[in-house]
Amino acid sequence: MEFRPSVLWEYRVFLLQGMANTALLALTAQALALTLAVPTAVARLRGGAVTRRVAGAYVEFVRGTPALIQLFWIFYCIPIFTGLDWSPLWGAIVALGMNVGAYDAEAFRAGIQSVHFGQVQAARALGLSAWSTFWAIILPQATRSVLPALLNNFIGLLLYTSIASTIGVHELTYAGGKLNTATFQSVVIFTGVAALYLVLSVAASAGVRRLERVQARRD
Amino acid sequence: MIGHYSLDLSSVWRYRELLVSGLLVSGWVGALALGLGLLGGLVVGLGRLSRRRALAWPAGFLIEVFRGTPPLVQLFWFYYCLPLLFDVRLSALTTAVLSLGLFSSAYVGEIVRGGIQSVHKGQVQAARALGLSQLQALREIVLPQAVRRMWPPLMSQAVDVLKATALASSITVPELMYQTYNATSQTFRFVEFYTVSALIYLAICLPLVWRLRRLEWRSGV
């Protein structure tokens, strides 16, 4: 078996397109995750009996099943119920966003609980409404304490976007699979693809450490 | 009826044997990978802490690589590249156990390292002063204390490995996810099969998740 590392250079555009889609998928899913996470955390802490249960069921369902089956369920079953005709990319964004949203919600729940109750009392005593107390007092403090957890979840998400290849999203792993069948340079291609993921995740975790240092200096 | 869709659970019942056989394979892959992960993780974690670079660096490399790349790509790498590089013929199942086991070793290694580092240095010094050897101090003093702190993250790792077994479907391991996919491609009953299989995974993982939460709550982590 002859190894030709040059195939990585020959197909660089194809691979970089995949890498760009991996980043796009991770960032879009992260945006969805955050929009889901805060209301879910609040619902679990302050919601009525029904909202609390619904939010709890969502989190438990995500934590108790493999991301792969969530992806298949959402991609194949949502169109059956709604008649919606969506692309694999959108299916993957929704599935991965909902997945990380549940983990982020757990982080936010702990973060919100860690804000001292005196802060709320002080804000209310100063005449802030319940809504502004949450937005101006609780959430900023909670976000600061959960930021490391959120970023770790994001790195996990970045790696888990690879499962989107199974429904045909043209991201990095999919690009690797296609190149593998086209060139049979398995060792070169999968090592190259793994190295590209490593670059992405090492860069992301360097960012996390930097942020933790900045935050520690500010405290 | 849900909207315009009528559920037909009888198709799932017809394929029950396929799903059960898949579940058994999932269980095997999960248990073996976890066993390998615990053993490998202990070695990797202790290696990472070693003062000898010949041990610490390979352990650190393994941890970085397996935590910094997607488990799905790792599975592909083992499935396609191992036979080419080392001229070995491994079944898909063995490949999955090996790949997921090493993936889990990296995480367990970090848990072991964290657990051991959380034990105060004075404990080792006291043990050494009392005449215990380095190995005895590790086995009798450090590990028992470390293990108690390692329990919650190890449980969480076990759940993660169980869920990661679903990825083995992509290298044709006939586990639950693979058989579910098979059944849907024959019956086109996506909703029924994916829902039932998700509930099966849920029934296995949730008790572990709940136990984990009680454990965390008790140990105040």
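Taking the stretch A:1-18 as the range and being assigned to a helix (DSSP H, G or I) and buried (at least 18 other Cβ atoms within 10 Å of the Cβ) as the test, the residues that pass are A:Val7, A:Leu8, A:Leu15, A:Gly18. Inside the stretch A:171-186, residues that are touching a residue at least 40 places away in the same chain (Cβ under 8 Å), buried (at least 19 other Cβ atoms within 10 Å of the Cβ) and out of contact with any Lys or Arg (no Cβ under 7 Å at 6 or more places or on another chain) make up a count of 7.
Of all residues in the stretch B:90-119, exactly one satisfies the criterion of being under 15 Å from the mean Cα position of the chain (by Cα) and either among the charged types (D, E, K, R) or at positive phi (or both), namely B:Glu110. Where helices (runs of 4 or more DSSP H) fall entirely within the stretch B:44-109, those with at least 1 residues that are within 12 Å of chain A (Cβ to nearest Cβ), of a type in the set (Gly, Ala, Ser) and under 22 Å from B:Val159 (Cα atoms) are at B:53-68. Counting only helices (runs of 4 or more DSSP H) that fall entirely inside the stretch A:21-101 and contain at least 3 residues that are buried (at least 17 other Cβ atoms within 10 Å of the Cβ), the qualifying elements are A:49-64, A:67-72. For the stretch B:129-137, the criterion of being surrounded by fewer than 17 Cβ atoms within 10 Å (Cβ to Cβ), of a type in the set (S, T, N, Q) and out of contact with any helix residue (DSSP H, G or I) (no Cβ under 8 Å at 6 or more places or on another chain) is satisfied by at least one residue. Counting only residues that are without any contact (Cβ under 8 Å) to a residue 60 or more places away in the chain and crowded, with 17+ Cβ neighbours inside 10 Å, the stretch B:139-153 holds 6 of them.
Residue pairs whose Cβ atoms lie under 9 Å apart, sitting 6 or more positions apart in sequence or on different chains, and linking a residue in the stretch A:48-62 that is within 14 Å of another protein chain (Cβ to nearest Cβ) to a partner that is of a type outside the set (A, V, I, L, M) and surrounded by fewer than 14 Cβ atoms within 10 Å (Cβ to Cβ), are A:Glu60/B:Trp210. Residues in the stretch A:155-203 that are within 9 Å of another protein chain (Cβ to nearest Cβ), aromatic (Phe, Trp, Tyr) and under 20 Å from the mean Cα position of the chain (by Cα): A:Tyr160, A:Tyr197. Output yes when any residue across the stretch B:96-105 is within 22 Å of A:Thr183 (Cβ to Cβ) and in contact (Cβ under 8 Å) with a residue 12 or more places away in the chain, and no when none is. No. Scan the stretch B:182-221 residue by residue and report those that are facing chain A (nearest Cβ under 9 Å), touching a residue at least 24 places away in the same chain (Cβ under 8 Å) and within 30 Å of B:Gly115 (Cβ to Cβ). If the condition is that a residue be facing chain A (nearest Cβ under 9 Å), touching a residue at least 24 places away in the same chain (Cβ under 8 Å) and within 30 Å of B:Gly115 (Cβ to Cβ), then B:Tyr201, B:Ile204, B:Cys205, B:Leu208, B:Val209 are the ones that fit. When you look at A:Ala26, is it more than 14 Å from chain B (Cβ to nearest Cβ), at negative phi and of a type outside the set (Asp, Glu), yes or no? The answer is no for A:Ala26. Looking only at residues in the stretch B:159-194 that are surrounded by fewer than 17 Cβ atoms within 10 Å (Cβ to Cβ) and not small (Gly, Ala, Ser), the one that is farthest from B:Tyr5 (Cα to Cα) is B:Thr172.
Do we find a residue being within 30 Å of B:Val191 (Cβ to Cβ), under 12 Å from the mean Cα position of the chain (by Cα) and surrounded by fewer than 21 Cβ atoms within 10 Å (Cβ to Cβ) anywhere in the stretch B:4-27? For the stretch B:4-27, residues within 30 Å of B:Val191 (Cβ to Cβ), under 12 Å from the mean Cα position of the chain (by Cα) and surrounded by fewer than 21 Cβ atoms within 10 Å (Cβ to Cβ): present. Each residue in the stretch A:68-83 was checked for being more than 7 Å from chain B (Cβ to nearest Cβ) and either in contact (Cβ under 8 Å) with a residue 40 or more places away in the chain or closer than 18 Å to B:Cys205 by Cα (or both), and 3 of them qualify. Screening the candidates A:Ala203, A:Ala195, A:Ala130 for the property of being surrounded by fewer than 17 Cβ atoms within 10 Å (Cβ to Cβ), under 13 Å from B:Thr69 (Cβ atoms) and without any contact (Cβ under 8 Å) to a residue 24 or more places away in the chain yields one hit, A:Ala195.
Every read-out reported here was derived from the displayed coordinates using simple, explicitly stated rules and does not represent laboratory data. The structure displayed is predicted, hence computed values, not measured ones. We place every Cβ from the backbone using ideal geometry, glycine too, and count neighbours over all the protein chains shown.
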